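Beneath this line is the structure, given in C-alpha cells, with notes to follow.
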Amino acid sequence: MSLDISTKTKRITRLINTSFKEANTQDLELILAIENRAYTFPWTKQKLTDSFNNPNISIRLILVNEKITGYLITLHSIDFIDILNICIDPKFQQQGLGGRLLDDFLKRIQKTEVKSVLLEVRVSNVSAIDFYKNYGFELLDTRKKYYSNLEDAKILRLQII
Ligand SMILES: CC(C)(COP(=O)(O)OP(=O)(O)OC[C@H]1O[C@@H](n2cnc3c(N)ncnc32)[C@H](O)[C@@H]1OP(=O)(O)O)[C@@H](O)C(=O)NCCC(=O)NCCS
C-alpha cells in the first residue's frame, strides 16, 4: 500500500504550538506521570527505564508550548517497527495530537527501509483501534489472553510498501 501521509492533523492543533523531540532520561518522570494518568494498566518505571536503555527503542515526545503532552515508543528491527506505546495526556486527547505524533513518525520512516509497522492493542481499547484504523492499520491476528489480566490483544499492521 502506498501510504498517504497527507497530514490527518486536526483542526484545533493547527493553532497550537506543537513540536517533537527525542526523549532523554530526564524526561522519565514526566512520561511516567502521563502514563499513570492515561492507562488502567500503565507501564512501570522499570519498563520505561529498560526502554531508555535499549538502543533499538526510540521514545519520541510531542510537546505543546514546550511541555511534554505525549509520547511514541517504538522498537526498531531491520524492516519493521513495533509501536510499543503511544499515549497522549488525557486532558489533551481528542484534539489531534496523537495524529500529529503518528504523522511525524510515519513521515520519518518513509525515508528508511521499514516495510511495515506492527502493534498490539487491547480488544477493549476501541478508541485506539479506531484511531489506528483511520491510518490504514489492518487486523493481522488476535492473541488470546495476551495481557496480564488475560485480556486478548489485536495485532494490527500497517504496510508501508
Ligand atoms: C489513542 C491516542 C494516542 C489517540 O490520541 P488522540 O490525540 O486522542 O487522537 P486524535 O485526537 O489525533 O484522533 C482521535 C480522534 O479524536 C477525534 N478528534 C480529533 N481532533 C478532534 C477535535 N479537534 N475535535 C473533536 N474531535 C477530535 C476524532 O474522532 C479523531 O478521529 P478521526 O481521525 O477520525 O478524526 C490517545 O487517545 C491515548 O493516548 N489513549 C490512551 C493510551 C492508549 O490507549 N494508547 C494506545 C495503546 S495501543
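Can you tell me how the chain classifies by the Cα gyration tensor, rounded, prolate or oblate, using a/c under 1.5 as the rounded cut? Verdict is rounded for the chain. Loop-located trypsin sites (Lys or Arg not before Pro) in segment 67-122 (DSSP state not H, G, I, E or B) with no more than 10 neighbouring Cβ atoms inside 10 Å: Lys111. For segment 13-68, chymotrypsin sites (Phe, Trp or Tyr not before Pro) are listed when DSSP marks them as loop and at most 14 other Cβ atoms sit within 10 Å of their Cβ; the list is Tyr39.
Residues of the chain were split at every exposed loop site, defined as GluC sites (Glu not before Pro) in a DSSP loop with at most 11 other C-beta atoms within 10 angstrom, and the longest piece left, sites excluded, is 1-65. Note on the chain: with a GNM built from Cα contacts shorter than 10 Å, the maximum mean-square fluctuation among Gln26, Gln95, Gln110 falls on Gln26. Please work out whether segment 32-76 counts as rounded, prolate or oblate from its C-alpha gyration tensor, where a ≥ b ≥ c are the square roots of the eigenvalues and a/c under 1.5 means rounded, while otherwise a/b larger than b/c means prolate and anything else oblate? Oblate is the answer for segment 32-76, as a/c is 1.5 or above yet b/c matches or exceeds a/b. Cross-linked pairs Lys21/Lys91; Lys45/Lys111; Lys45/Lys115; Lys45/Lys154; Lys91/Lys115: Cα-Cα separations exceed 29 Å for Lys45/Lys111; Lys45/Lys115; Lys91/Lys115.
Readers should treat all values here as calculations from the given coordinates under stated rules, not as data from a laboratory. This one's a predicted model, so the numbers in the text were calculated from it and none came from an experiment. When we count neighbours, we look across all protein chains shown, and the Cβ atoms used for this are built from the backbone with ideal geometry, even at glycine.
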